[in-house]
Amino acid sequence: MQLLHTVADLRAALKGESETAFVPTMGNLHTGHIALVQQARRQGRPVVASLFVNPLQFGAGEDFERYPRTLVADCAQLEPAGCDLVFAPDVREMYPEPQTFTVIPPLADELCGAHRPGHFAGVATVVLKLFNMVQPRYAVFGKKDYQQLFLLKGLVRQFNLPITVLEGETVRAEDGLALSSRNGFLSPEERAEAPRLYRLLKQICARLGAGETDFAALEAVAAQELAHHGWEVDYVSIRSRRTLLAPAAGERDWVALAAARLGRTRLIDNLEAGAASVCE
Ligand code: PAF
């Protein structure tokens, strides 16, 4: 496995390699990331992963400074997972000039975007730059970051990029908590409380499956339950899977999404719901 830090070295290493499968990450890898790498591997193409904590997608007062940088441990996981090349640029390599932002749709200001202004512009900008640097055939993103995945699929369409976006299923701990690089920030008490987020999404999913259609009431009950157990809730929202906007009348392919803080740690999760969903 090669470890490269500059765009020039990356380009030289990928010369003539037009069919890579790419997994962009911010490092501090866990089993969920490794599942994405394995999914990339199954495309039968050389696998590239990036490790870059992107300052553009962190707002003032967020956890950019304390976000763990774990290059050596990350590489030790990537190599046995079948990664061929790791690209780990520093901030100057990624943003040599005052950065420009990618144009993104209004949906980027909803859900997580409403609570993290500029976040998705930062994500879209770095991913578009990484796509230009790596020029992959496939790119794999996890469904845990459902809104990010939705917006990045839109970005690929919007800019006619010749890239197929593959969706990685959310990997969960035994108690249901979605794996996240931020779970390591939780105290033991918070870690014990954290699976409630998933349990509430499962309840919403089951009730939608049973025919309940009062979305606002379902969202409010879950938000109150979280608040009652000490969470600071950003949102609980039932959306259309097709548009990620409020579901249209008669639409039955939903996704329930939630974001809330336990102490200083912001957790997000989602669950697809509807006639054909199994609520897991
Ligand atoms: O999901 C992430 O880890 C990041 O948002 C991404 C896609 C690597 C961009 O920095």
- Message: Could you tell me the calculated FRET efficiency between GLU65 and ASN132, based on Cβ-Cβ distance and R0 = 41 angstrom, to the nearest 0.05?
- Response: 0.90
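Just to be sure I understand: if I project the alpha-carbon convex hull of the stretch 176-229 onto a plane and average over all orientations, what area do I get in nm²? Write out the running numbers ahead of the final one.
Working: hull surface 16.6 nm².
Taking a quarter of the hull surface, the average projection is 4.2 nm².
Give me the percent of accessible area attributable to carbon and sulfur for the stretch 141-188, probe 1.4 angstrom. Present the calculation step by step, with values, prior to reporting the outcome.
Details: 1130 of 2220 Å².
After summing per-atom areas, the C and S share lands at 51 percent.
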- Message: Give the separation of the Cα centroids, the stretch 217-236 to the stretch 108-155, in Å.
- Response: 26 Å
- Relative contact order (%) - criterion: Cα under 8 Å, at least six apart; region: the chain: 17 percent
- Message: Suppose we take every Cα in the stretch 120-184 and form the convex hull; what volume per residue is that in Å³?
- Response: 96 Å³
- Using alpha-carbon coordinates, inclination of helix 71-81 to the longest axis of the chain, degrees: 90 degrees
- Note on the structure: Here the gain from full extension of LYS15 to ARG199, 0.36 nm per residue of separation minus their alpha-carbon distance, amounts to 61.5 nm
- Item | Over the stretch 6-66 - Rg/Rh using Cα atoms and the Kirkwood inverse-distance radius | 1.06
- Message: Please check: in the Gaussian network model of the chain (C-alpha springs, under 10 Å), which one of TYR146, TYR95, TYR138 has the largest mean-square fluctuation.
- Response: TYR95
- Query: Where is the GNM fluctuation largest for the chain (alpha-carbon springs, 10 angstrom cutoff): ASP84, ASP214, ASP234?
  - Reply: ASP214
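Can you give the Kirkwood hydrodynamic radius for the chain, in Å, rounded to one decimal and based on Cα pairs?
Values: mean 1/r = 0.0510 Å⁻¹.
With all distinct Cα pairs of the chain included, I get 19.6 Å.
Express the relative contact order of the stretch 164-223 as a whole percentage, based on alpha carbon pairs under 8 Å and six or more residues apart in sequence.
Working: 22 pairs, mean separation 15.0, N = 60.
So the answer I get is 25 percent.
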- Message: Can you tell me, using C-alpha contacts under 8 Å and at least 6 residues apart, the relative contact order of the stretch 25-124 as a whole percent?
- Response: 36 percent
- Isotropically averaged projected area of the stretch 1-153, using the convex hull of Cα atoms (one quarter of hull area), nm²: 8.8 nm²
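Looking at the chain, what % of its DSSP beta bridges pair antiparallel, to the nearest 5?
Working: 19 of 37 bridges.
Here the antiparallel bridges make up roughly 50 percent for the chain.
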- At 222 nm, what helix-only mean residue ellipticity would the chain give, in deg cm²/dmol to the nearest 500, using -39500 (n - 2.57) for each DSSP H run of four or more? -10500 deg cm²/dmol
- Item | Max mean-square fluctuation residue, GNM over the chain, Cα-Cα springs under 10 Å, options ALA139, ALA217, ALA60 | ALA60
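The values are calculated or read from the model by the stated rules, or taken from the named source; none is laboratory data. Just so we're clear, the structure is a prediction, and the values are computed from it rather than from any experiment. Here the Cβ is made from the backbone with ideal geometry for all residues, glycine too, and neighbour counts use every protein chain on show. Note: accessible area is taken over every heavy atom of the protein model, side chains too, but ligands, DNA and RNA are not part of it. Shrake-Rupley method; radii C 1.70, N 1.55, O 1.52, S 1.80 Å.
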